[in-house]
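Input: a single structure, listed below in structure tokens.
The values are calculated or read from the model by the stated rules, or taken from the named source; none is laboratory data. Bear in mind that the values here come from a model prediction, so they are computed numbers and not experimental data. Cβ placement follows ideal geometry from the backbone for every residue including glycine, while neighbour counts extend to all protein chains displayed.
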Amino acid sequence: MCGIVGYIGEQQASPIILEGLKKLEYRGYDSAGIASLDNGSSVIRRSQGKLVNLENILRDQPLTGKVGIGHTRWATHGKPSEINAHPHKAGSIIIVHNGIIENYLQLKDQLKQLGHTFKSETDTEVIAHLIEESLKTEADFEQAVRTSLLQLRGAYAVCILNDKEPGVLIAAKLGSPMVVGLGEKEFFVASDIPAILAYTREMVFMEDGEFVIFRSGTAVFSTIAGNSIDKKARHIDWSPMMAEKGGFRHFMLKEIHEQPRAVRDTIAGRLLELDGDVYLENLQFSDRQLAAVKRIIIIACGTSWHAALVGKFYIEGLCRIPVEVDIASEFRYRNPVVDENTLAIVISQSGETADTLAALREAKSRGALNIAICNVVDSSIARESSGVIYTHAGPEIGVASTKAFVTQLTALYLFTIRLGRANCTIDVLHGQRMIAALKKIPGLIEEALRLNDKVEKIAKKYMNARDFLYLGRGKNFPIALEGALKLKEISYIHAEGYPAGEMKHGPIALIDENVPVVVLVPKGNSYEKTISNMEEVITRGGRVIAVCSTGDEEVKKRAETTIEIPNLDEDLDPLLLSVPLQLLSYHISVLKGTDVDQPRNLAKSVTVE
Ligand code: M6R
């Protein structure tokens, strides 16, 4: 998830682009750059780190020119560095890109054979070279861009300039967001509305497969293949604050709604569908190394620890390797049994959590093979691990983790496939089935998000409760824990998660008509047992909010309130169950008037012990 901005008109481009990028910094901030075209030659300024570094460079070395493009990066392919920062240039072509090109390695090999040399590790640079190559055979710049884009697989929103066509800016979109702003003799392009809201409120929303060329004061829209289309502008009357959050009231709600995209990005380019296997680009362990793993320890804190607990079910259940799950702050102080046959997996959204980092170092010092599941590229944990699976959730700003959690589950599921294929516990057919199910998840999360209004009403009904219980069995027990944590941290209501079968060993004493009990009871292995646990609650006067599979009349007959989620594959239920629980905490918190995005006493990244 990166941010792009483009400008063409009668003003100096660079200051407009810089201001736009500031508004998009929430989309990525590990490096930034701007290119502008003046008198037929482009100048590019780039810098690693936050935008302020680029701003300082531009103060000393300003850019001139009335057309330009800019980018703020959230690294996916290639570490954060100046060389990997956008814009990228090949020959006369300059480009900024948001998205992931899935077939970039294949294209890069072909281009290398044709004599192209690459400066960066990015997938984006491949597009610039592809256009440069197409220019040799195509009639003009516009056609060369179209031909090149049609060769890409994956997702992109791109802005493209050509030194040799100084009055032209091209933009196109497939799978990544893009909006075009219409001004007085000027045009703006951006990943998101806030970037250009200060300049215009007339906006055209680009759809997948669309293309726009700006020249001589006009904007001509078409499909990438070249068919003309008619686009209508919309007037946007959002306040700047609303715009920053994409029209959502809080970052948390925005991030909850970004989950289909986040899961799509996390699996993009990694599925080897015919082989029933996955490719994890920063995890270059051989099958032999993976097959030799006899024991796994997964270590994390908070929400990431809940993901780890689900990971245990995946790996033990499917790869038949014993898995322990440890809280990072406990792990290093308990003289853990770890040796060269142990694989330590650390999970961290930020990659900077002090306890998790220390636990990683502890596991390494004891000789463990180690990998990280991280969201922030090149964070300390990512750098210090021998291998890393990046979740491509994009920056998470709300303190309560949502999209990072769901992508951690996705990454664990991908790793399970890889490990199972390597140690032969998952055969090709099984791997193919797992992949097919995973591919359906983004669409099903979209379906689950449609529960928003219903969950808001449920929140109104239960918001005054002092305590909540969350119950689940098997791999849904960690989701009960996660549901309870979400509620506690943002609404300050006391909540506990329990394995449903454990109720009768103590917590059942808490049940009365004042305690809402959220029971996770989708169809599957532990369905009937969970129904019995739900009955135990009901007979004691408890008020059950059941999260069940769509159309489950048995549950509907019993529970006071039901939330129905799509039913796909038991192993992937944790991803779908998470969505209504996130929404429930969110709405209760809003109704109670707490600070949703920055709850009291909490920090997004806990870098102290
Ligand atoms: O960045 P990390 O994943 O290492 O962070 C771990 C926890 O601090 C984090 O998950 C925390 O529990 C969140 N606030 C939960 O929403």
Practice prompt. Among the residues of the range 27-64, write down those that are crowded, with 21+ Cβ neighbours inside 10 Å and within 22 Å of Gly183 (Cβ to Cβ).
Written response: Ile34, Ala35, Ser36, Leu37, Leu63
Fill in: Segments classed as strands (runs of 3 or more DSSP E), wholly inside the range 457-569, with at least 1 members that are closer than 23 Å to Lys592 by Cβ and within 16 Å of the ligand (Cβ to nearest atom)
467-472, 494-499
Item to complete: Go through the range 541-570 residue by residue and tally those that are within 17 Å of Gly443 (Cβ to Cβ) and surrounded by fewer than 22 Cβ atoms within 10 Å (Cβ to Cβ).
Response: 7
Practice prompt. Could you check, for the range 435-456, whether at least one of its residues is charged (D, E, K, R), touching a helix residue (DSSP H, G or I) at 6+ places or on another chain (Cβ under 9 Å) and outside any helix (DSSP H, G or I)?
Written response: no
Discussion item. Scan the range 499-508 and tell me whether some residue there is in contact with a Pro (Cβ under 9 Å, 6 or more places away or on another chain) and modelled with pLDDT of 95 or more.
Written reply: no
Worksheet item: Tally time: how many residues in the range 571-594 are touching a residue at least 12 places away in the same chain (Cβ under 8 Å) and either surrounded by fewer than 17 Cβ atoms within 10 Å (Cβ to Cβ) or over 23 Å from the mean Cα position of the chain (by Cα) (or both)?
Response: 6
Worksheet item: Can you tell me which residue in the range 236-266 is surrounded by the most Cβ atoms within 10 Å (Cβ to Cβ), limited to those that are modelled with pLDDT under 95 and of a type in the set (A, V, I, L, M)?
Response: Ala262
Practice prompt. Scan the helices (runs of 4 or more DSSP H) fully inside the range 248-311 and keep the ones with 3 or more residues being under 19 Å from Gly420 (Cα atoms).
Written response: 287-291
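Does the range 145-156 contain any residue that is outside the structural domain of Lys439 (by TED's automatic domain parsing), among the small types (Gly, Ala, Ser) and under 18 Å from Thr218 (Cβ atoms)?
To start, the set of residues in the range 145-156 that are outside the structural domain of Lys439 (by TED's automatic domain parsing) comprises 145-156.
Those left that are additionally among the small types (Gly, Ala, Ser): 148, 154-155.
Next cut, under 18 Å from Thr218 (Cβ atoms) only: none.
No.
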